[in-house]
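Okay, structure first, notes after.
Bear in mind these aren't lab numbers, they're just calculated from the coordinates by the rules spelled out. Please read all numbers here as calculations on a predicted model, not as lab measurements. Glycine also receives a Cβ, built like all others from the backbone with ideal geometry; neighbour counts cover every protein chain displayed.
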Amino acid sequence: ALALLASTLAHATEDNPVLGEFNWSPTGADCPETYVYRADGTKTGTSAGEVLEKTYTISKAEGGMYLLEETVTAGNGGKDCQGGTTPVGATSKIYIMPLNGGGYFTCASLDTLSCYGVASPLKTAAKP
């Protein structure tokens, strides 16, 4: 499995591999989410009935991965795919592993065995 995972990794050359619009799907579940990352450091995320506005920062980490840190700035109070709601002020840290052809894996740590979902591009930001 690791060989397959390694063969799909992109050589990350962009400063921000999450710019654009993505459908994210968790491993082993059927509740895709939609993420829109903007160049100004803001994000809109939709999970079932929940819509969240967030700020984010992204920085290079080890092994071609990136650390993505997000803070919720507003929410509509709707229920997410797991039936919960996310409060304003909640923070998260995840690792992003860019893929060839666009998109990325989401991982809990720098260990590729911790990856738990994949984002596929819907639209990507124009390159400068």
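When ranked by the protection proxy of mean other Cβ atoms within 10 Å per residue, highest first, what sequence do the peptides 40-47, 99-106, 81-88 form? Kindly include the intermediate steps, with their values, before the conclusion.
Working: 40-47: 15.8, 99-106: 17.9, 81-88: 12.5.
Ranked by mean Cβ neighbours within 10 Å, highest first: 99-106, 40-47, 81-88.
Using the crude model of +1 on Lys and Arg Cβ and -1 on Asp and Glu Cβ, and no other charge, please compute the dipole size for segment 17-81 relative to its Cα centre, in debye to 20.
Details: 5 positive and 10 negative charges, 22 e Å.
It comes to approximately 100 debye.
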Fill in: For q = 0.11, 0.13, 0.19, 0.24 Å⁻¹, Debye-computed log10 I/I(0) when each Cα of segment 30-128 counts as one equal scatterer
-0.33, -0.47, -1.04, -1.50
